[in-house]
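> Structure below; questions to follow.
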Amino acid sequence: MNSNSNNSNNQKKRNFQIEAFKHKVVVDPKYPEKTWKILEHAIQEIYNHNASGLSFEELYRNAYNMVLHKFGEKLYTGLVSSMTYHLKEMSKSIETAQGGLFLEELNRKWIDHNKALQMIRDILMYMDRTFIPGNHKTPVHELGLNLWRDNIVHSSKVQTRLLNTLLELILRERTGEVINRGLMRNIIKMLMDLGPLVYQEDFEKPFLEVSADFYRVESQKFIECCDCGDYLKKAERRLNEEIERVSHYLDGKSEAKITSVVEKEMIANHMLRLVHMENSGLVNMLLDDKYEDLGRMYNLFRRVPNGLSTIRDVMTSHLRDTGKQLVTDLERVKDPVEFVQCLLNERDKYDKVISLAFNIDKTFQNALNSSFEFFINLNPRSPEFISLFVDDKLRKGLKGVSEEDVEIVLDKVMMLFRYLHEKDVFEKYYKQHLAKRLLSGKTVSDDAERSLIVKLKTECGYQFTSKLEGMFTDMKTSQDTMQGFYTNHGAELGDSPTLVVQVLTTGSWPTQPTVTCNLPAEMSALCEKFRSYYLGTHTGRRLSWQTNMGTADLKATFGKGQKHELNVSTYQMCVLMLFNNADRLSYKEIEQATEIPSSDLKRCLQSLACVKGKNVLRKEPMSKDIGEEDAFFVNEKFTSKFYKVKIGTVVAQKESEPEKQETRQRVEEDRKPQIEAAIVRIMKSRRVLDHNNIITEVTKQLQSRFLANPGEIKKRIESLIERDFLERDNADRRLYRYLA
Amino acid sequence: NKLGRGNRDKVQQLMTITGARPVIGILKERLMYSTTSPMLQHPYADMILADGISLLCNDIQVDPQDIVMLAISWHMKAATMCEFSKQEFVGGLQALGIDSLEKFRERIPFIRSELKDEHKFQEIYNFAFDWAKEKGQKSLALDTAIGMWQLLFAEKEWPLVEHWCQFLQARHNKAISRDTWSQLLEFARTVDPALTNYDAEGAWPYLIDEFVEYLLENGIQKGQLSDWTH
């Protein structure tokens with residue numbers, strides 16, 4: 001054996017000299033063949049599990065020498081044919097393996113090959129590092145894998161069988177069997193080690209196709225026999241299964257691909273059928289508050305294109321239908337408070353669904369809001385009803401409720417308020433109802449009242465609430481005035497009835513027509529005193545008594561000595577006081593004495609004489625209605641369980657048809673100046689503007705109060721042209737110009 | 001308030017004696033006739049009123065209801081219908097280059113032809129609004145407006161004029177604003193009677209929108225114009 005050491009001829013850096021060989025180096029022509037045989041033999045031993053008897057150092061040296069003496073090509077070629085030969089042997093034994101042992105044999109051989117390959121590579125490392133790169137050959141390790149791939153995995157007898165075996169195992173696992181996952185992992189890892197192309201072509205692609213078929217069939221089966229909730233559970237389970245499968249024995253990159261398959265076959269393809277499934281679909285889940293099912297549906301559907309929008313659309317149309325039914329239901333409409341409560345309940349319900357099941361998804365919240373906005377405005381009485389609801393709450397509903405809970409209720413009401421298109425209608429009713437509450441002293445909590453005003457102000461601006469605040473101020477000021485009055489005149493008024501006056505600033509309060517009414521002598525004198533007191537301190541003002549809005553407390557003694565305190569309206573007081581001086585009065589006499597307008601008087605007498613439990617007067621004849629020929633007497637036999645009897649009605653009520661028409665008309669009238677003001681404001685700043693743009697701008701400006709009607713805007717423009725605020729352009733008739 | 005027989009004779013005399021007289025001279029006498037009428041107060045001094053106008057119409061051989069009278073009033077910049085101030089009358093004649101009754105008669109066909117001119121017709125039409133309305137009013141009374149429209153659109157031939165007048169009487173019953181008046185001419189000029197090119201967003205006055213609605217309700221389909229009578 002020759003051992004060469006490279007001369008240090010070219011090692012100029014070295015400081016020492018190495019002597020040249022004293023003898024000549026002769027190269028044996030048989031040398032390469034001999035050396036190769038040694039290595040070949042070694043390879044064989046390695047493959048035969050006999051590596052222990054080999055000397056690594058020796059083999060390394062041999063390989064090294066071959067390369068050194070320029071026999072790398074031979075070495076390489078030999079390596080290729082040697083490995084190929086052994087692999088073909090391995091292949092035979094794999095091919096002949098029976099049934100379940102096939103994979104095991106393959107696995108075993110693979111492990112063997114890898115061990116062998118490692119050893120071989122170590123031995124041939126010099127070649128790997130020098131000859132191979134220089135000659136553009138495949139490195140040993142890679143070569144080993146490629147040869148494995150070509151001779152085993154792609155061999156005709158193995159390739160198909162391998163794939164089928166793997167797929168069958170997966171199928172069995174999908175049908176519930178337990179399989180050897182470790183073995184699967186090793187085999188799959190083998191394919192992965194052979195390169196992404198092998199993994200994809202030899203396994204992943206077919207795997208995905210087969211899976212698609214599998215799930216297509218399964219989903220069809222399920223959808224025929226399961227209800228929506230069950231189906232979704234199954235789909236979810238399958239999805240999780242596949243994810244778990246990937247984590248256990250497939251390439252991580254396959255996860256997205258297989259889940260995509262499941263999503264498509266099980267969800268996307270059946271989306272509409274699921275959502276619309278009778279008795280168990282989305283609508284049913286919503287109706288029954290099935291949060292878990294809904295959440296599952298959301299999570300599954302969000303994985304597929306248009307999944308969430310499908311859910312959202314069905315939810316929206318259902319909500320709109322239910323809402324529409326709700327607001328147009330004739331029965332429900334009879335009770336405004338109930339009406340609004342139903343709306344709030346519905347909103348709470350969907351809020352809960354969206355938070356618990358739909359991930360607080362903003363697009364769903366928007367759909368909820370737009371649906372509510374749609375159907376609330378289908379009923380033109382919604383603004384009135386919401387005000388009545390608030391009235392009920394502030395009158396009694398919120399009695400004893402904690403401050404935080406009050407805020408919660410008011411905030412919910414504000415939510416509904418925001419949906420209204422005709423906020424100015426609400427304002428009108430709110431003002432009326434507030435007036436009645438304030439004047440009858442019937443508000444549960446001043447703080448609650450003010451809190452709501454603040455919320456309205458934040459929402460709509462100062463103008464919306466300035467008059468409402470004026471009402472509160474008037475109440476306070478009146479209190480101070482009364483104090484002043486009694487301080488100044490208290491002494492002389494000792495015997496007179498106690499007077500409480502609320503001075504209302506016209507303009508802040510809802511307008512009422514002044515009516516005639518003759519107060520009883522005791523009252524009129526007292527009222528005159530107040531009037532002169534007030535005008536004494538407020539010159540330049542005018543006072544007019546609103547007799548249709550006041551109340552009175554009367555102490556009455558009846559036939560058998562029954563004493564009661566009667567709480568009545570001013571009108572009723574006027575009528576009753578007449579009976580201090582007469583036992584019997586005809587309708588005409590009462591009318592003459594009080595000068596109360598007849599429709600009001602009839603209503604007043606009816607409430608005094610015809611209502612069970614409150615009939616302090618007796619009427620002849622005893623008919624239900626008030627006739628002009630009727631006669632009235634005090635009902636000496638009047639009884640009541642309570643000492644205090646309330647007869648007056650100043651409670652806010654749902655308006656009658658004619659009242660409603662009147663209010664609507666007033667609202668329309670009020671809108672005209674607002675529209676004009678908006679037009680003038682816009683034209684003043686723009687100077688010249690075309691028709692369509694004016695309409696758009698005006699509508700936008702007024703949006704927070706009401707939806708302006710384009711026809712009405714047009715009429716206002718014409719009115720402004722009439723009054724020389726605007727003119728049409730000479731050349732372009734669609735253009736308007738502001739006239740300063 | 002008729003002119004007495006004596007005055008008429010006086011006029012006849014003047015005419016036969018002088019033949020072609022300066023119009024101003026004759027009309028001065030007419031002016032005088034007007035002022036001596038017992039019905040008239042001094043504010044009407046130097047004014048030609050209804051009687052004077054019918055005499056004038058007689059002289060120039062034109063019917064007082066003839067639309068040419070409107071055109072003449074326009075030339076004279078007359079403030080109100082059925083009256084001419086001296087200034088208006090004299091100024092107008094000067095502008096027209098008329099200095100005799102004969103010349104006046106000769107000019108009538110020319111004045112009539114002016115109505116056919118698109119631009120002049122528009123001026124005359126718009127002029128008619130202020131001229132026909134009551135002094136001190138902003139709007140034109142409906143009856144007067146209808147009368148004027150029938151006159152004007154007989155001249156200009158707008159097929160929908162009858163429908164328009166019927167519509168107003170059935171649905172509107174109020175005075176007509178200046179804007180509506182002037183925009184109607186635009187409407188008649190630009191929108192075809194079958195309404196095919198009517199633009200709902202076209203900034204037409206509200207009354208005209210209502211008119212279109214009325215037409216559609218009553219059976220004018222867009223694209224055909226059927227004749228109906230109520």
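> List the lysines whose Cα sits under 24 Å from the Cα of B:Lys156, skipping any in the same chain fewer than 8 residues away.
Cross-link targets: B:Lys77, B:Lys116, B:Lys120, B:Lys133, B:Lys222.
> Moving on. Given the protein assembly as shown, what percent of its DSSP beta bridges are antiparallel, to the nearest 5?
For the protein assembly as shown, the DSSP antiparallel bridge percentage is about 85.
> Mind scanning A:Lys700/B:Lys138; A:Lys560/A:Lys619; A:Lys393/A:Lys555 and naming the pairs with a C-alpha gap bigger than 21 Å?
A:Lys700/B:Lys138; A:Lys393/A:Lys555
> In addition: I need the Kirkwood Rh of the range B:43-128: take the reciprocal of the average 1/r across all distinct C-alpha pairs and report it in angstrom.
The Cα-based Kirkwood calculation yields 13.1 Å.
> Across the range A:53-203, how many lysine pairs separated by 8 or more positions, or lying on different chains, have Cα atoms within less than 25 Å?
19
> Counting only other chains, and only Cβ atoms inside 10 Å, what mean value do you get across the residues of A:717-730?
3
> Quote the accessible area belonging to B:Trp74 in square angstrom, nearest 10, computed with a 1.4 Å probe and with ligands, DNA and RNA left uncounted.
About 40 Å², rounded to the nearest 10.
> Please list the radius of gyration and Dmax for chain A, considering alpha-carbon atoms only, with Å as the unit.
For chain A, the Cα-based Rg and Dmax read 48.9, 163 Å.
> Would you mind pulling out the separation of the Cα centroids of the range A:353-373 and the range A:432-504, in Å?
Measuring centre to centre over Cα atoms gives 41 Å.
> Under a straight-distance cross-link criterion of Cα-Cα below 27 Å, which lysines are reachable from A:Lys221, leaving out those fewer than 8 residues away in the same chain?
Cross-link targets: A:Lys205, A:Lys233, A:Lys234, A:Lys257, A:Lys264, A:Lys290.
> With viscosity set to 1.567 mPa s at 4 °C, what whole-number translational diffusion coefficient in µm²/s follows for the range B:129-180 from Stokes-Einstein and a Kirkwood radius over Cα pairs?
In µm²/s, the coefficient rounds to 114.
> Also: Please work out whether the range A:493-543 counts as rounded, prolate or oblate from its C-alpha gyration tensor, where a ≥ b ≥ c are the square roots of the eigenvalues and a/c under 1.5 means rounded, while otherwise a/b larger than b/c means prolate and anything else oblate?
oblate
> Going by average Cβ neighbours within 10 Å, how do the peptides B:170-178, A:561-569, A:75-83 rank, with the highest at the top?
Result, highest mean Cβ count within 10 Å first: A:75-83, A:561-569, B:170-178.
> Moving on. Take the range A:391-544, drop everything but the C-alpha atoms, weight them equally and run the Debye formula without solvent; then report log10 I(q)/I(0) at 0.09, 0.15 Å⁻¹ to two decimals.
Evaluating at q = 0.09, 0.15 Å⁻¹ gives log10 I(q)/I(0) of -0.38, -0.90.
> Of the listed peptides B:115-128, A:369-382, A:619-632, what is their order by residue-averaged count of other C-beta atoms within 10 Å, with the highest listed first?
Result, highest mean Cβ count within 10 Å first: A:369-382, B:115-128, A:619-632.
> While we're on this one: Determine the principal axes of the Cα atoms in the range A:153-289, then give the extent along each, sorted from largest to smallest and rounded to whole angstroms.
If we take the Cα atoms of the range A:153-289, the spans are 59, 26, 24 Å.
> Between the range A:135-187 and the range A:563-620, what is the separation of their alpha carbon centroids in Å?
The distance from the Cα centre of the range A:135-187 to that of the range A:563-620 comes to 105 Å.
> Next question, about the same structure. To the nearest 0.05, how large is the calculated FRET efficiency for A:Gln220 and A:Asn50 if R₀ is 60 Å and r is the Cβ-Cβ distance?
Result of the calculation: an efficiency of 0.55.
> Here is a follow-up. For the residue pair A:Ser445 and A:Asn693, what label-to-label distance in nm results when each label sits 7 Å from Cα along the Cα-to-beta-carbon direction?
5.1 nm
> What distance in nm lies between label points placed 7 Å from Cα along the C-beta direction at B:Phe110 and A:Thr557?
So the label points at B:Phe110 and A:Thr557 sit 10.6 nm apart.
> Under the √(5λ) rule applied to the eigenvalues of the Cα gyration tensor, what semi-axes describe the equivalent ellipsoid of the range A:322-449? Give them in Å, descending.
After diagonalising the Cα gyration tensor, the semi-axes are 26, 18, 12 Å.
> Here is a further query. Return the long-range amide H neighbours of A:Val444 (sequence gap of 5 or more, or a different chain), with a cut-off of under 5 Å between placed amide H atoms.
Amide H to amide H, under 5 Å and 5 or more residues apart or across chains, A:Val444 pairs with A:Arg395.
> Hey, with R₀ at 56 Å, roughly what FRET efficiency would B:Glu201 and A:Thr539 work out to, going by the Cβ-Cβ distance, to 0.05?
Between B:Glu201 and A:Thr539 the formula returns 0.50.
> Moving to a separate point now. Sequence neighbours fewer than 8 away in the same chain don't count; with that in mind, list the aspartates and glutamates whose C-alpha is under 15 Å from A:Lys467.
A:Asp424, A:Glu427, A:Glu449, A:Asp670
> Now, a different point. Chains A and B: what accessible area do they bury, summed, in square angstrom to the nearest 100, with a 1.4 Å probe?
What A and B bury together is about 1300 Å².
> Modelled label-to-label distance, A:Glu373 and A:Ser599, 7 Å Cα→beta-carbon offset: nm?
3.9 nm
> Over the Cα atoms of the range A:553-645, what radius of gyration and what Dmax do you get, in Å?
Radius of gyration, then largest Cα-Cα span, for the range A:553-645: 12.2, 34 Å.
> Further, regarding this structure: Note the per residue figure in Å³ for the convex hull of the C-alpha positions in the range A:598-734.
Dividing the Cα hull volume of the range A:598-734 by its residue count gives 176 Å³.
The values are calculated or read from the model by the stated rules, or taken from the named source; none is laboratory data. Only a predicted model underlies this, so the values are computations on that prediction, with no experimental measurement involved. Note that we place each Cβ from the backbone using ideal geometry, even for glycine, and neighbour counts take in every protein chain shown. Accessible surface areas use protein heavy atoms only, side chains included; no ligands, DNA or RNA. Shrake-Rupley method; radii C 1.70, N 1.55, O 1.52, S 1.80 Å.
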